[in-house]
Amino acid sequence: MKRRTFIKSTLAASLAGSATLKAFAMAKENPYRNNIGIQLYTLRDQLSDDIEATMKAVADAGFKQVELYGFSDAKSNVGFTNTMIGAAKDNGLAVNSSHFAWEAVTNPSDNASPSFEAILEDANNQGLSHLVVPYLHDHERGSLDDYKQLAEGFNDAAEKARVAGIQLSYHNHNFEFTPQENNKSGYDIFIDEFSEEMKFEIDVFWAKLGGWEPVDLMRKLKGRVSQLHLKDLKSGMPIPSYDTGVPEDAFKELGNGIIPMEPIMEIASEIGVEHCHVEQDQSPHPIESVQQSMTYLGSL
């Protein structure tokens, strides 16, 4: 059997098993159940092996949309990204959002990254409606003043994105919640300083590690949250914790950890969230993990 055929059949069987996935008896009223997305970083190794087979398996499993990673990171990555987008659309998957090369905003003089204007043009050409800042380098976030400077740059970029018809958002980890001067955190600065155009993509796993109950943070940011990342956290982890170097087994399938997902999905529409994406940064068996998370969502 050819490698491509083997990958395709194995992924499809593993993801789509259990009677076309009980998860997509997910018909209930919650709109996110019927339009659930996946952050493709979860399946990065499978995509490296075979993009088309992986996308078909994702669609067969019942996902309705994908969120990209590494959008316009470098010229060498453009072909890979375009192939992912084409394969997703060929399989009926919407492509609304992507994490992107944020240095285009935080360090625009660095020629290693494309300009933000070029990224916006590319995003428009691909039909994206959302771009997300996925991370910050250590040197970008050393003090509250650094966060204030970042907020100013993000606000300027968000206005450019708005004019281009694209929503710019910031995806959290846990380091942003680290208390600094007067017990204020970098995330507090973002909450205070982000403009009306600049939104948040809340990752519930990292928010929980940072000491927030995700539903409380969502309520606090009502009207300012564009998207959610749904992932679960292993029981027994120290909370709050601001170190991103968590053990790989801290990332759990939905329903296998300590974060209640039903209240999160219920409040999402109340606060104006557009899209919810399943993600699991680390797993020894990503395909099986995705299947478990989907099955759990279908049981809510």
Residue in the range 228-240 that is in a helix (DSSP H, G or I) and touching an Asp or Glu at 6+ places or on another chain (Cβ under 8 Å) present: no
Residues being part of a helix (DSSP H, G or I), surrounded by 14 or more Cβ atoms within 10 Å (Cβ to Cβ), more than 19 Å from the chain's Cα centre (by Cα) and not aromatic (Phe, Trp, Tyr): count how many of those fall in the range 105-123. 3
Subset of the range 161-175 (residues that are under 14 Å from the mean Cα position of the chain (by Cα) and either open to solvent by less than 10 Å² (accessible area, probe 1.4 Å) or small (Gly, Ala, Ser) (or both)): Leu168, Ser169, Tyr170, His171, Asn172
Quick count over the range 193-221, residues being assigned to a helix (DSSP H, G or I), touching a residue at least 12 places away in the same chain (Cβ under 8 Å) and not small (Gly, Ala, Ser), is 12
Please pick out the residue among Glu152, Glu103, Glu117, Glu176 that is in contact with an Asp or Glu (Cβ under 7 Å, 6 or more places away or on another chain) and of a type in the set (Asp, Glu). Glu103
So in the range 263-282, with the set limited to residues that are touching an Asp or Glu at 6+ places or on another chain (Cβ under 8 Å) and not acidic (Asp, Glu), which one is most open to solvent (accessible area, probe 1.4 Å)? Gln282
Is at least one residue of the range 249-262 open to solvent by 50 Å² or more (accessible area, probe 1.4 Å), touching a Pro at 6+ places or on another chain (Cβ under 9 Å) and among the acidic types (Asp, Glu)? yes
Across the range 124-160, which residue is most open to solvent (accessible area, probe 1.4 Å) among those that are under 19 Å from His171 (Cβ atoms) and among the small types (Gly, Ala, Ser)? Ser129
Determine the pairs where a residue that is hydroxyl-bearing (Ser, Thr, Tyr), located within the range 46-64, has a partner that is in a helix (DSSP H, G or I) with Cβ atoms under 8 Å apart, the partner being 6 or more residues away or on another chain. Thr54/Ile7; Thr54/Leu11; Thr54/Leu43; Thr54/Gln46; Thr54/Leu47; Thr54/Ala87
Can you spot a residue in the range 227-234 that is farther than 22 Å from Leu136 by Cα and modelled with pLDDT under 95? no
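The values are calculated or read from the model by the stated rules, or taken from the named source; none is laboratory data. Here the structure is a predicted model, which is why all the values come from computation and not from measurement. Because the Cβ atoms are built from the backbone with ideal geometry, glycine has one as well, and the counts that use them run over all protein chains shown. For accessibility, only protein heavy atoms count, side chains too; no ligands or nucleic acids. Shrake-Rupley method; radii C 1.70, N 1.55, O 1.52, S 1.80 Å.
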